[in-house]
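Below is one structure, written out as structure tokens, with a few remarks after it.
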Amino acid sequence: MTTAQYKLRDQSTVLGYLWSFLNPILMLSILYIFFRNRTGEGIDYYASYLLVGYVLYNHFAKTTSSALRVLVDQKFLTSHTIFPKEIIVISSVLSRSFELFISLGVSILIGFFIGVPLYFSLLFTPVLILLLLVFTMWVSLILAILNVFIRDIDYIYDVLLRVLFFITPIFYAKAYVSGIARLIVQLNPLTHILDFGRGIIIYGVLPNGLLFSIFICINVFLLMIALWFFRKLEPHILEFL
Amino acid sequence: MDEAIITTQNLWREFPKERNRSTLFQAIRKRRNDKDGGTIIAVQNLSVTIKKGENIGLIGNNGSGKSTFIRLVAGLVPPTTGTVVSKGEIALLSHLGVGMLDDLTVRDNVFLYGAIHRIPRSEISQLYDEIIEWAELEGFSKSLLKNLSWGMQARLAFSVIRHIQADIFLLDEADTAGDVHFREKMKAFFRKQSNLERTFLIATHEMDFVNSFCTKVLWLHHGRQMAFGEPQEVLAQYKLQKER
């Protein structure tokens, strides 16, 4: 099912993949031109910093947005088959993993060409992908099941994603914000995933082992909770679709 | 053969009258006020025992509760009250081809449809040529599903599901798809399968098929059991009621 969903999108062809890369490149160029000398001042390898941050955020935003709609979009599959419905959401999320893998590979390559050294910490990239996958998965499961019952979750989430873009340090460093804004940024799980990603890809820095393990455990725990929540509401899906 | 494979006791299923997805605001308000828009009774007080190897025809007018009963047995919806117990692997064949995707090729759809019905990929790989041959779609492997007629799509879907290994087959008007030739092929398959002690529960409007294939018939009307027994007897009662 994952393969089928992947093949359905245009990313399964090289040309299709290039098209999907055009939007982020355009966005990144604008961010780079406007913020390089402002929020980007003092950040080493700012272009790479922007790229890695945007790739991770963009993956999260695109994956959760499409997973949110998958149960309703595939209404017939949801209501006429007897396999566990979380599989539909899980395969929707997994089908975008290959895209993330390619995007991170391209980011590393671009970083290398603009002078970012190649560190051993790059070997932790699969951990980064796995961590983002777990985070994206639990958010997607909750959104997808809620969308079956509440029809405007779609619009509400769209607004939340815009807010998330600004409270995630994509084009600025955490040090750039202070007070309550700093607290909000720190409480955002995506901030820590971006920190980890940039650390291993651009700066050759590994996170504090204990804190990082706690962060992973929290996300795995939340994944379990999301699965439980999904299964609790699953029997009522047919009442609304 | 006397082993009960599906047992329902006082099975009751209601659905809310208003089944629209609410907005977040409405959801919060509804919970606070706890207002009830009323319910529709889809299945009421149904107690039946279906034995292993029986072929049950499920008949009744549209809206009589046939699909809900099938969904209750499949475990797709929980009962409001009462119980439904089934022993063994269930295959639900409701609306042939559900889950197949228009923009994928015939080949991709065979694997996808197989996965939806829990047929291992390795098995589909081995059976692929036979599936295409049975569906009479040789030479169409690379065609997109949307370029096939509905009859061809139904043949392809059915050709895949022939390989489901299940003890109980639940069919919700799946026998109405395709042309006469295809329907004959499909019925021949059912007859072959019923010899393997598989249990069939078939919701249908095709009375000839019920008469020739089913060992028992369950007639539902407004969710109530009107009759359950020998096909000829139940069909005669059903006909009489329809003529009134």
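The values are calculated or read from the model by the stated rules, or taken from the named source; none is laboratory data. Keep in mind that this is a model prediction, so the values were computed, not measured. Note: ideal-geometry Cβ built from the backbone for every residue, glycine included; neighbour counts use all protein chains shown.
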message: If B:S47 satisfies all but one of (1) surrounded by fewer than 17 Cβ atoms within 10 Å (Cβ to Cβ); (2) in a strand (DSSP E or B); (3) within 14 Å of chain A (Cβ to nearest Cβ), what's the number of the condition it fails?
response: (3)
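Within segment B:211-222, is there a residue that is part of a helix (DSSP H, G or I), in contact with a Leu (Cβ under 9 Å, 6 or more places away or on another chain) and not polar (S, T, N, Q)?
No, the conditions are met nowhere in segment B:211-222.
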- request: Only one of these is surrounded by fewer than 19 Cβ atoms within 10 Å (Cβ to Cβ), in contact (Cβ under 8 Å) with a residue 40 or more places away in the chain and not in a loop (DSSP other than H, G, I, E, B): A:V139, A:V106. Name it.
  value: A:V106
Residues located in segment B:61-82, provided they are surrounded by fewer than 23 Cβ atoms within 10 Å (Cβ to Cβ), away from chain A (no Cβ under 11 Å) and within 25 Å of B:H205 (Cβ to Cβ): B:N61, B:N62, B:G63, B:S64
statement: Residue pairs within 6 Å by beta carbon, gap of at least six or interchain, first lying in segment A:121-132 and over 18 Å from A:I218 (Cβ atoms), second surrounded by fewer than 16 Cβ atoms within 10 Å (Cβ to Cβ) and not β-branched (V, I, T), listed first then second, are A:S121/A:G204; A:S121/A:L206
query: Within segment A:219-241, how many residues are in contact with a helix residue (DSSP H, G or I) (Cβ under 8 Å, 6 or more places away or on another chain), at pLDDT 95 or above and aliphatic (A, V, I, L, M)?
result: 6
query: Filtering segment B:200-243 down to residues that are more than 16 Å from the chain's Cα centre (by Cα) and β-branched (V, I, T), which residue is surrounded by the fewest Cβ atoms within 10 Å (Cβ to Cβ)?
result: B:T215
Criterion: closer than 25 Å to B:N61 by Cα, of a type in the set (D, E) and more than 9 Å from every other protein chain (Cβ to nearest Cβ) - qualifying residue of B:E173, B:E89, B:E136: B:E173
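A:L206 - would you say it is within 14 Å of chain B (Cβ to nearest Cβ), touching a residue at least 24 places away in the same chain (Cβ under 8 Å) and assigned to a loop (DSSP other than H, G, I, E, B)?
no
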query: Which members of segment B:50-83 meet the condition of being hydroxyl-bearing (S, T, Y) and either outside any helix (DSSP H, G or I) or touching a helix residue (DSSP H, G or I) at 6+ places or on another chain (Cβ under 6 Å) (or both)?
result: B:S64, B:T80, B:T81, B:T83
message: Among the residues of segment B:92-133, what is the count of those that are outside any loop (DSSP other than H, G, I, E, B), surrounded by fewer than 18 Cβ atoms within 10 Å (Cβ to Cβ) and either within 13 Å of another protein chain (Cβ to nearest Cβ) or modelled with pLDDT under 90 (or both)?
response: 3
query: Residues in segment A:178-190 that are in contact (Cβ under 8 Å) with a residue 24 or more places away in the chain and assigned to a helix (DSSP H, G or I): how many?
result: 2
message: Looking only at segment A:45-73, how many residues end up being within 13 Å of another protein chain (Cβ to nearest Cβ) and surrounded by fewer than 21 Cβ atoms within 10 Å (Cβ to Cβ)?
response: 3
- request: Answer with yes or no whether A:I201 is more than 30 Å from A:V72 (Cα to Cα) and either under 16 Å from the mean Cα position of the chain (by Cα) or in a helix (DSSP H, G or I) (or both).
  value: yes
